[in-house]
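In what follows, a structure is listed as structure tokens, so that the remarks can point back to it.
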Amino acid sequence: MRQQLFPTIFRFTICIILAMLTSCSAVFAPPTPTMTPSPIPPTFTPIPTVTVTPIPSPTPIPAPARAAYTLNTMIDYDLHTVTVDEVIIYPNHTGQNLEKLILAAVPNLWSGSFALTSFSVDGASATYTLDGQRLEVTLPAPLLPETVTTLSMQYTLVLPFAEQEDPSVSRPRIYGYTNRQLNLTNWYPFVVPFINGDFVLHEPWYYGEHLVYDPADYEVNLRFADPASAPIVASSGLPEPQDGFTRYTLTAGRTFALSASRVFQVSAMQVGDVIVTSYYFSFNEGAGQAALQASADAVQIFSQRFGPYPHKTLSIVMGDFNDGMEFSAFFYLSKDFYNLYDYTPKNYLTFVAVHETSHQWWFEQVANDQALQPWLDESLSTYSERIYYETYHPDMIAWWWSYRIDFYNPGGFVDIPIYDGQGFRPYTNAVYFRGAHFLEDLRGRIGDETFFAFLQDYYAQGNGKIVTANDFFRILKTHTTIDISDLVRKYFQNAY
């Protein structure tokens with residue numbers, strides 16, 4: 001019995017101990033087979049499909065058709081100084097990567113006249129050199145084709161006294177001031193054209209014009225240091241009065257000029273939608289009106305014969321010097337032409353006013369290299385005088401040929417550059433007057449209808465461009481098969 005009881009007591013004791021941890025049945029019950037429950041499939045809420053729209057890359061701003069110049073300008077008329085804040089937006093239409101730009105800074109040709117105080121490219125400081133009229137700017141990175149860069153600069157002009165002729169040249173100086181007038185011509189740095197792989201900036205010469213211009217858009221915001229005594233302003237642009245200044249705008253112009261005087265007399269005339277304005281000094285009213293009428297008549301006939309005049313204004317300015325000169329929508333006539341005016345169309349005032357008006361077609365719209373091929377604008381502008389006289393004063397054509405063209409017995413080749421002219425008179429005899437004879441002979445050879453159809457096509461194809469003599473003859477040959485090789489040999493030193 002004692003042997004049987006001990007195991008029972010022992011197991012009971014163990015049971016009590018284990019009961020504290022688990023049930024006795026779990027200890028003494030037979031083992032239950034282990035069951036692995038079947039997994040319950042989880043429930044998923046579908047995530048809606050999101051269509052991700054890619055953020056578009058910025059669209060490159062297309063390069064504008066032309067450069068744009070903004071000139072914030074302050075003139076102190078009495079001190080003869082000008083301060084300018086200039087911005088140039090320049091599009092690269094050259095088809096090449098540009099590592100530099102060349103600008104013409106013509107005022108620097110006069111000692112002490114041009115002081116450049118700051119220059120930047122796209123907001124960053126720029127490296128540049130200034131040597132005479134040549135302002136060379138190193139770009140911080142190559143300017144790719146059809147992209148744009150912005151040039152910003154500040155400078156001061158101290159205008160030279162220009163009433164006397166410059167002894168270093170054979171023609172009077174226009175840029176500067178006289179006792180009656182302040183003249184700003186080629187007064188701001190501009191990017192010169194890129195032609196045949198290089199920028200074109202010729203050296204100035206004793207006569208003729210050396211600069212070549214691309215068309216550009218201009219905004220000139222003009223203030224005067226003393227608004228109460230501000231002069232009358234003639235300019236290339238359409239004036240729009242603002243609060244405290246005047247804004248002048250010009251679209252697709254080759255150059256922007258202005259003249260200011262406190263003693264200007266002003267007369268104006270409307271030709272279609274063009275306002276033609278004459279600016280002249282006291283005691284010259286009759287001549288000032290005559291220049292206005294001749295120029296207005298020329299605008300009308302040249303618009304019919306060549307193509308439309310492109311601008312809204314045309315300024316005719318009596319220059320306080322002995323010269324005439326064309327600019328965009330603007331030209332000067334010599335004071336001598338006014339003083340010698342005889343109240344007939346048989347005088348220099350009339351035919352030079354017509355000549356300078358025609359430059360709004362042959363220079364302004366159809367441009368050329370004025371230094372190397374000056375005949376392209378000067379011959380055509382001289383012959384345009386003949387077209388004016390045959391239209392308005394046909395009885396004076398013979399007089400015009402005798403007095404204007406043949407008086408100096410012109411000779412020489414038409415297509416000489418300004419540097420080969422051998423003096424002002426031989427140069428004008430060849431380029432202007434022999435050039436007029438060539439065009440007269442050409443017209444007689446091919447007939448009026450073909451001649452004027454050619455001029456209209458030449459104007460249309462060359463408008464906004466810089467053309468060459470090869471372009472002239474290429475376009476001519478599309479209008480006629482008549483042989484003119486003898487005329488080319490007679491008048492030109494080069495074969496075309």
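Worth pointing out:
- Failed criterion for TYR459 (all others in (1) in a strand (DSSP E or B); (2) touching a Gly at 6+ places or on another chain (Cβ under 6 Å) hold): (1)
- Some residue of the range 425-445 being over 28 Å from GLY253 (Cβ atoms), touching a Pro at 6+ places or on another chain (Cβ under 6 Å), basic (Lys, Arg) and surrounded by 21 or more Cβ atoms within 10 Å (Cβ to Cβ): yes
- ARG180 among the basic types (Lys, Arg), surrounded by fewer than 20 Cβ atoms within 10 Å (Cβ to Cβ) and at pLDDT 95 or above: yes
- Only residues that are more than 14 Å from LEU258 (Cβ to Cβ), at pLDDT 95 or above and over 19 Å from the mean Cα position of the chain (by Cα) were counted across the range 309-348, and they come to 17.
- Qualifying residue in the range 52-66 (condition: modelled with pLDDT of 95 or more and in a strand (DSSP E or B)): no
- Qualifying residues in the range 123-173 (those that are in a loop (DSSP other than H, G, I, E, B) and polar (S, T, N, Q)) - the one modelled with the lowest pLDDT: SER170
- Scanning the range 237-278 for residues that are small (Gly, Ala, Ser) and buried (at least 17 other Cβ atoms within 10 Å of the Cβ) yields GLY237, ALA252, GLY253, ALA257, SER259, ALA260, SER261, SER278.
- Residue check, THR255 within 13 Å of the chain's Cα centre (by Cα), assigned to a loop (DSSP other than H, G, I, E, B) and touching a residue at least 12 places away in the same chain (Cβ under 8 Å): yes
- Among the residues of the range 196-236, those identified as surrounded by fewer than 19 Cβ atoms within 10 Å (Cβ to Cβ) and within 15 Å of the chain's Cα centre (by Cα) are ASP217, GLU219.
- Every residue from the range 347-369 that is part of a loop (DSSP other than H, G, I, E, B) and under 20 Å from HIS311 (Cβ atoms): HIS359, GLN360, TRP361, PHE363, GLU364, GLN365
- The set of residues from the range 279-298 being assigned to a helix (DSSP H, G or I) and surrounded by fewer than 20 Cβ atoms within 10 Å (Cβ to Cβ) comprises GLU285, GLY286, GLN289, GLN293.
- Hey, SER295 touching a Pro at 6+ places or on another chain (Cβ under 7 Å) and either more than 18 Å from TYR338 (Cα to Cα) or touching a residue at least 24 places away in the same chain (Cβ under 8 Å) (or both) or not: no
- Every pair of residues 6+ apart whose Cβ atoms lie under 8 Å, when the first sits in the range 77-88 and is assigned by TED's automatic domain parsing to the domain that holds ASP217 while the second is basic (Lys, Arg) and part of a loop (DSSP other than H, G, I, E, B): TYR77/ARG262
- Subset of the range 329-346 (residues that are outside any helix (DSSP H, G or I) and either aliphatic (A, V, I, L, M) or out of contact with any strand residue (DSSP E or B) (no Cβ under 9 Å at 6 or more places or on another chain) (or both)): ALA329, LEU333, LEU340, TYR341, ASP342, TYR343, THR344, PRO345, LYS346
Every residue, every condition in (1) under 23 Å from GLY272 (Cβ atoms); (2) surrounded by fewer than 24 Cβ atoms within 10 Å (Cβ to Cβ); (3) assigned by TED's automatic domain parsing to the domain that holds HIS202, yes or no:
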| position | (1), (2), (3) |
| --- | --- |
| ILE316 | yes, no, no |
| LEU333 | yes, no, no |
| ALA353 | yes, no, no |
| GLN360 | yes, no, no |
| ALA371 | no, yes, no |
| PRO374 | no, no, no |
| THR391 | yes, yes, no |
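- Failed item, numbered, when GLN289 is tested on (1) in contact (Cβ under 8 Å) with a residue 40 or more places away in the chain; (2) under 18 Å from PHE337 (Cβ atoms); (3) not aliphatic (A, V, I, L, M): (1)
- Within the range 174-190, one or more residues are under 30 Å from VAL431 (Cβ atoms), in contact (Cβ under 8 Å) with a residue 24 or more places away in the chain, within 17 Å of the chain's Cα centre (by Cα) and not in a loop (DSSP other than H, G, I, E, B).
The values are calculated or read from the model by the stated rules, or taken from the named source; none is laboratory data. Just so you know, these numbers come straight off a predicted model, no measurement behind them. As a convention, Cβ positions derive from the backbone with ideal geometry for all residues, glycine included, and neighbour counts pool all protein chains shown.
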